[in-house]
Amino acid sequence: MATAIDNKIAGYSDILLLAARILVGALFLIAAYNKFKGLGGTTAYFTKLGVPEPSIMTYVVPAFEALVGVLVIVGYHVRLVALAIAIFVVVAALIAHTNFADGNQLNHFLKNLAIAGGCLALLVGGGGAYSVDAKKG
């Protein structure tokens, strides 16, 4: 049975990789937009978390999120970008979402781990045929 499913999915792998890239990238573009939109709140939150140089990181983090969002969507250096995202979200989870007594924080922690898992799949699968990487050869 698994072989039949594998054979069916194999024909859709490139479109599924594109969908995965769009979904992951959109998450980071929206997160960056929201952080830039509320710079004061972002700085306050980073300060509360004890992030070093929160006034600088307020710009660095959303700039990183916007950059990786665009890069993963267009499929440029997908494997490297996916690895960077996976590391970033695990570090973010360990900094910002460790109050497991708060169900919301636990959900955010697990969401970050799920994003890391999806990015590890992109690390293995690459960008697929519908990516800048594929066009470069």
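FYI, it's all coordinate maths here, none of it is from the lab. As the structure is a computational prediction, the values presented were derived from the model and not from experiment. All Cβ positions, even for glycine, are placed from backbone atoms using ideal geometry, and neighbour counts span all protein chains on display.
Where residues in segment 77-104 are over 20 Å from Gly25 (Cα atoms) and part of a helix (DSSP H, G or I), which of them is farthest from the chain's Cα centre (by Cα)?
Initial filter on segment 77-104 (over 20 Å from Gly25 (Cα atoms)): 94-104.
Checking which are part of a helix (DSSP H, G or I) leaves us with 94-96, 103-104.
Working: Leu94: 15, Ile95: 16, Ala96: 16, Gly103: 22, Asn104: 19 Å.
This residue is Gly103.
All conditions in (1) more than 18 Å from the chain's Cα centre (by Cα); (2) of a type in the set (S, T, N, Q); (3) exposed (fewer than 15 other Cβ atoms within 10 Å of the Cβ) hold for Asn107, with the sole exception of (1). Residues of segment 72-86 that are of a type outside the set (Gly, Ala, Ser) and touching a residue at least 12 places away in the same chain (Cβ under 8 Å): Val72, Ile73, Val74, Tyr76, His77, Val78, Arg79, Val81, Leu83, Ile85. Asn112 meets the conditions (1) without any contact (Cβ under 8 Å) to a residue 24 or more places away in the chain; (2) in contact with a His (Cβ under 9 Å, 6 or more places away or on another chain); (3) over 19 Å from Gly25 (Cβ atoms) in every case but one. The failed one is (3).
What is the residue count in segment 90-104 for residues that are surrounded by 15 or more Cβ atoms within 10 Å (Cβ to Cβ) and among the β-branched types (Val, Ile, Thr)? I'd like the intermediate steps shown before the answer.
Step one: filter segment 90-104 for residues surrounded by 15 or more Cβ atoms within 10 Å (Cβ to Cβ), giving 90, 92-93, 96-97.
With among the β-branched types (Val, Ile, Thr) added as a condition, the list becomes 90.
Here the count works out to 1.
So for segment 63-76 (the condition being in contact with a His (Cβ under 9 Å, 6 or more places away or on another chain) and not β-branched (Val, Ile, Thr)), does at least one residue qualify? Break it down into steps so the answer makes sense when it comes.
Pass one, segment 63-76, residues in contact with a His (Cβ under 9 Å, 6 or more places away or on another chain): 71.
Going one step further and asking which of them are not β-branched (Val, Ile, Thr), we end up with 71.
Yes; the residues of segment 63-76 include at least one that is in contact with a His (Cβ under 9 Å, 6 or more places away or on another chain) and not β-branched (Val, Ile, Thr).
The residues on offer are Val78, Val60, Val68, Val124, and the sole one that is surrounded by fewer than 20 Cβ atoms within 10 Å (Cβ to Cβ), among the β-branched types (Val, Ile, Thr) and either in contact with a Phe, Trp or Tyr (Cβ under 7 Å, 6 or more places away or on another chain) or farther than 22 Å from Thr42 by Cα (or both) is Val124.
Scanning segment 23-48 for residues that are of a type in the set (A, V, I, L, M, F, W, C) and surrounded by 14 or more Cβ atoms within 10 Å (Cβ to Cβ) yields Val24, Leu27, Phe28, Leu29, Ala31, Ala32, Phe36, Phe46. On the stretch given as segment 73-106, residues that are closer than 29 Å to Ile15 by Cα and not aliphatic (A, V, I, L, M) total 5.
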